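A.B. asks: Below you'll find the structure I mean.
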Amino acid sequence: MINVFRIVAFSFLYALSFSSSASELSLASVFTDHMVIQQHQNISVWGKAEPGSNVEVSFADQKNAVKADDAGEWLVQIKVGSGSFDATQLTVTSKKEQITIDDILIGDVWLVSGQSNMRMSLKETDSASLPEFARERTHVRLLDYTLDKYYPSGRTFSIDSLRTLDSENLFNTEGWQISNSRTNATFSAVGLHFMNRLDSELSVPIGIINVSVGGALTENFISSELLGDIHKRLNLKDYNQEKWIDFIPPWCAERAKENLKGWLQHNSQEPLPHHPYEPGFIYEAGIEPLTTLPIKGVVWYQGESNAPLSGKETDYKGPFDIELSAAKLETLIFSWREAWGERDMPFYIVQLPGLNRPWAPYRNMQQNVANETHEVSYIVTYDLGDSKDVHPKNKSQVGERLADMALNRTYGFEQISIGPVIPPVERVGSVVRVFIDKFELRFGSQPEGFELAEDDGVFHPAKAVVENDWLSVSSSEISEPKLIRYAWFDDPKLKANIVDESAWPLPPFKTKIEPMSLTNN
């Protein structure tokens, strides 16, 4: 059941495109021409009108009447059937006014979200000139939320702008847009490649909503109350929202201080103002207002800001604590599902690519969360990274792998490959057998990328030889292997070479080994 009181609490803060008075008829900003409505779901339509006035909402063959409350707020629900390429209208009428939303399609709506690699536009990538993104697709619609004035680049925000910053004006949007060369150029490249692959297999209109912010942290996308709960559960220092800048990783804290420099110099005794890196603020301003709009699922590309920028694996402490990061990601997934009222909502994660940073533990955390959470999957991208650039230009394969995962897992296209699984292993003497079903090599003549360790946990490079239906992995430095890991490098691209017949890489893994005992990670 839709919680009307929750909707009223935030929906009109989010009416970015309206400046109407309380007596004027208006709709929330998510309702614009060219929108896509999720098929097979009831949808809430809400807005404002003169207090106590009657409002009628017409959609397809439905008419719903409601009376605005004392604050002028109203909400109705409409039923939505199967996807259709035939455009329809949504009409809202009061005694004196009428609003008509034209060219509405019914189909599947996906939310793409995360930080700069999801924000990265098509025109910034190596696929900017592909012909499929130059043509107009009237059945594909894009809804982009941007920061513009408050984008956390290296500049100082004015004190006046910070005083007026709240959840109502953090994001800007031009509303739903038809996919064409102009709108595609500035939209998320990952989102577009995801859409393009879905569109090649599905016979339904597609809507993509993008809420992504460069440098954003996982905690920016969950409520501050839930972050406080995480700190208590893990027996960490009590989270203090008024001093939020002391609780985020150093790089983000320094960038926030740079943006807030004027405020901190002249208003040091006042509470910190809002900022995109403030825990909970992106959720409040950009995610929560969308939760009354049904969606098919979520694509998530984030984590760079929650993993160490440099150093060694031992740097996973403080704000980079791996247990803390796992709790944040799990909380994000569960809280979003609860907010949308969809406990099985598909959620697809981009595992961080290879880079000259110690990200192996973070990648492992991402896949563990995915493997342990219902209807959550991840895609491997360590082969698609750039060792010297945190923003790799190759976004086509990222989006396509995400779409293949969705086509297989959500849409039931079981014939579409979604990559190898973490293999079972067993120890025979000093040799570890790794059971991998059908594989190819990206480079070289023998499998590469394995390491072994004994009880001391010190890993040594290992040699892999193909034998029968398994790989025999051994190291001259190891007589009694107890641990095996694969692709456990900062940048595994040129060190781990096993792929399946569709060129999906074998996932990175670290596993304990027992003699003659099959185990999974």
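The values are calculated or read from the model by the stated rules, or taken from the named source; none is laboratory data. Model, not experiment: these values are computed from the prediction. Here the Cβ is made from the backbone with ideal geometry for all residues, glycine too, and neighbour counts use every protein chain on show.
A.B. asks: Of the numbered conditions (1) of a type outside the set (A, V, I, L, M, F, W, C); (2) touching a helix residue (DSSP H, G or I) at 6+ places or on another chain (Cβ under 7 Å); (3) part of a loop (DSSP other than H, G, I, E, B), SER377 fails exactly one; give the number of that condition.
C.D. replies: Result: SER377 passes all but (3).
A.B. asks: Search segment 372-415 for residues being touching a residue at least 40 places away in the same chain (Cβ under 8 Å) and β-branched (Val, Ile, Thr), and hand back the single one that is surrounded by the most Cβ atoms within 10 Å (Cβ to Cβ).
C.D. replies: Residue satisfying both the conditions and the ranking: ILE379.
A.B. asks: So is SER387 farther than 21 Å from VAL298 by Cα and either among the basic types (Lys, Arg) or in contact with an Asp or Glu (Cβ under 7 Å, 6 or more places away or on another chain) (or both) or not?
C.D. replies: Yes; evaluated as a whole, the condition is true for this residue.
A.B. asks: Out of curiosity, is ASN497 polar (S, T, N, Q) and at pLDDT below 95? It would help to see each step written out before you state the result.
C.D. replies: Details: polar (S, T, N, Q): yes; at pLDDT below 95: no.
No, not satisfied.
A.B. asks: Considering segment 120-136 alone, what residues qualify as being out of contact with any helix residue (DSSP H, G or I) (no Cβ under 6 Å at 6 or more places or on another chain), surrounded by fewer than 15 Cβ atoms within 10 Å (Cβ to Cβ) and in a loop (DSSP other than H, G, I, E, B)?
C.D. replies: Once the filter is applied, which keeps residues that are out of contact with any helix residue (DSSP H, G or I) (no Cβ under 6 Å at 6 or more places or on another chain), surrounded by fewer than 15 Cβ atoms within 10 Å (Cβ to Cβ) and in a loop (DSSP other than H, G, I, E, B), segment 120-136 yields ASP126, SER129, ARG135, GLU136.
A.B. asks: Could you give me the residue pairs with C-beta distances under 7 Å whose first residue belongs to segment 479-499 and is closer than 13 Å to GLN446 by Cα, whose second residue is among the aromatic types (Phe, Trp, Tyr) and buried (at least 21 other Cβ atoms within 10 Å of the Cβ) wherever it lies, and which are 6+ apart or on separate chains?
C.D. replies: Short answer, once both residue conditions are applied: ALA496/TYR486.
A.B. asks: Additional query: Tell me, yes or no, whether segment 144-160 has at least one residue that is in contact with a Phe, Trp or Tyr (Cβ under 8 Å, 6 or more places away or on another chain), under 23 Å from THR218 (Cβ atoms) and of a type in the set (Gly, Ala, Ser).
C.D. replies: No, the conditions are met nowhere in segment 144-160.
A.B. asks: Residues in segment 297-313: is at least one small (Gly, Ala, Ser), touching a Gly at 6+ places or on another chain (Cβ under 8 Å) and either part of a helix (DSSP H, G or I) or under 21 Å from ASP246 (Cβ atoms) (or both)?
C.D. replies: Looking for residues that are small (Gly, Ala, Ser), touching a Gly at 6+ places or on another chain (Cβ under 8 Å) and either part of a helix (DSSP H, G or I) or under 21 Å from ASP246 (Cβ atoms) (or both), one finds at least one in segment 297-313, hence yes.
A.B. asks: Next question, about the same structure. Please find, within segment 85-119, the residue that is surrounded by the fewest Cβ atoms within 10 Å (Cβ to Cβ) out of those that are part of a strand (DSSP E or B) and among the small types (Gly, Ala, Ser).
C.D. replies: ALA87
A.B. asks: Also: Within segment 433-478, can you find the residues that are surrounded by 11 or more Cβ atoms within 10 Å (Cβ to Cβ), outside any strand (DSSP E or B) and among the polar types (S, T, N, Q)?
C.D. replies: GLN446, SER475, listed by residue number.
A.B. asks: From the list PRO358, PRO353, which one is crowded, with 17+ Cβ neighbours inside 10 Å, in contact (Cβ under 8 Å) with a residue 12 or more places away in the chain, outside any helix (DSSP H, G or I) and in contact with a Leu (Cβ under 6 Å, 6 or more places away or on another chain)?
C.D. replies: Going through PRO358, PRO353 in turn, just one is crowded, with 17+ Cβ neighbours inside 10 Å, in contact (Cβ under 8 Å) with a residue 12 or more places away in the chain, outside any helix (DSSP H, G or I) and in contact with a Leu (Cβ under 6 Å, 6 or more places away or on another chain): PRO353.
A.B. asks: Now a separate question. Name the one entry in SER82, SER11 that is surrounded by fewer than 16 Cβ atoms within 10 Å (Cβ to Cβ) and either under 30 Å from GLU136 (Cβ atoms) or modelled with pLDDT under 95 (or both).
C.D. replies: Being surrounded by fewer than 16 Cβ atoms within 10 Å (Cβ to Cβ) and either under 30 Å from GLU136 (Cβ atoms) or modelled with pLDDT under 95 (or both) holds for just one of SER82, SER11, which is SER82.
A.B. asks: Of the residues ALA216, ALA307, which single one is surrounded by 24 or more Cβ atoms within 10 Å (Cβ to Cβ) and closer than 30 Å to ASP491 by Cα? First the steps, then the outcome.
C.D. replies: On the way: ALA307 fails: surrounded by 24 or more Cβ atoms within 10 Å (Cβ to Cβ).
Selected residue: ALA216, the only one of ALA216, ALA307 that is surrounded by 24 or more Cβ atoms within 10 Å (Cβ to Cβ) and closer than 30 Å to ASP491 by Cα.
A.B. asks: Out of everything in segment 137-165 that is within 21 Å of the chain's Cα centre (by Cα) and among the charged types (D, E, K, R), what residue ends up being surrounded by the fewest Cβ atoms within 10 Å (Cβ to Cβ)?
C.D. replies: It comes out as ASP148.
A.B. asks: Contact list please: Cβ distance under 6 Å, first residue in segment 81-104 and at positive phi, second residue surrounded by fewer than 16 Cβ atoms within 10 Å (Cβ to Cβ), pairs at least six apart or on different chains.
C.D. replies: From segment 81-104, the pairs are ASP103/ALA87.
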